[in-house]
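> Here it is: the structure, laid out below.
All of the numbers you see were taken from the coordinates with simple rules; none came from a lab. All figures in this text were calculated on a predicted structure; none of them were measured in a lab. Note: ideal-geometry Cβ built from the backbone for every residue, glycine included; neighbour counts use all protein chains shown.
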Amino acid sequence: MKTVAHLTTDITLTFNQVAELARQLPKSDRLRLVTLLQKYDEPTKEQLLQDLREAIDEVNLAKEGKVKLKSARDFIDEL
């Protein structure tokens, strides 16, 4: 008979502790981690404002009947 144990925990780490853990990773894993973190940077204020302008323009075009927006179902189906 096989015994399985599950452990769920929340551990709070300081930035320095996380950095030390990252230093212990093999170089290839550290590079993957850096790439992953860079990929998920928060957008700048300028990026957010540009995205908002584009969204407003698209809504205005839809109101004018110049473009057809996707339905929520079509959007979900694409995911």
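> I'd like the orientation of helix 45-63 relative to the chain: the angle between its Cα long axis and the longest Cα principal axis, in ° from 0 to 90, rounded to 10.
40 degrees
> Still on this structure: What GluC sites (Glu not before Pro) does the range 1-68 have in DSSP loop regions with at most 14 other beta carbons within 10 Å? Can you show the working numbers first?
Numbers: sites: Glu20, Glu46, Glu54, Glu58, Glu64; in loops: Glu64.
When the GluC sites (Glu not before Pro) of the range 1-68 are filtered for loop state and at most 14 Cβ neighbours within 10 Å, Glu64 remain.
> Let me ask something else. Considering only Thr12, Thr35, Thr44, give the residue with the highest GNM mean-square fluctuation for the chain, with springs between Cα atoms whenever their separation is below 10 Å.
Residue with maximal mean-square fluctuation among Thr12, Thr35, Thr44: Thr12.
> Hey, what number do you get for the chain at 222 nm if only DSSP H runs of n ≥ 4 count, each worth -39500 (n - 2.57), divided across all residues, to the nearest 500?
Numbers: 4 runs with 48 residues, N = 79.
The helix-only estimate for the chain comes to -19000 deg cm²/dmol at 222 nm.
> Relative to the Cα centre, what is the charge dipole magnitude of the chain, using +1 at the beta carbon of each Lys and Arg, -1 at the beta carbon of each Asp and Glu, and rounding to the nearest 20 debye?
That gives a dipole near 340 debye.
> Of the residues Leu49, Leu31, Leu13, which exhibits the maximal mean-square fluctuation in a Gaussian network model of the chain defined by a 10 Å Cα contact cut-off?
Maximum among the listed residues: Leu13.
> DSSP loop (so not H, G, I, E, B), at most 12 other Cβ within 10 Å: list which chymotrypsin sites (Phe, Trp or Tyr not before Pro) in the chain pass both filters.
Counting only loop positions with at most 12 other Cβ atoms within 10 Å, the chymotrypsin sites (Phe, Trp or Tyr not before Pro) in the chain are Tyr40.
> Gain in length, Ala72 to Thr9, computed as 0.36 nm per residue apart minus the alpha-carbon separation, to one decimal in nm? Intermediate values should be presented prior to the final figure.
Values: separation 63, 0.36 × 63 = 22.68 nm, distance 3.69 nm.
Gain on extension, Ala72 to Thr9, equals 19.0 nm.
> Work through the residues other than Arg53 whose Cβ is under 14 Å from its Cβ and net out their charges, Lys, Arg +1 and Asp, Glu -1. Walk me through the intermediate numbers first.
Working: positive: Lys45; negative: Glu46, Asp51, Glu54, Asp57, Glu58.
Within the 14 Å Cβ shell, the charges total -4.
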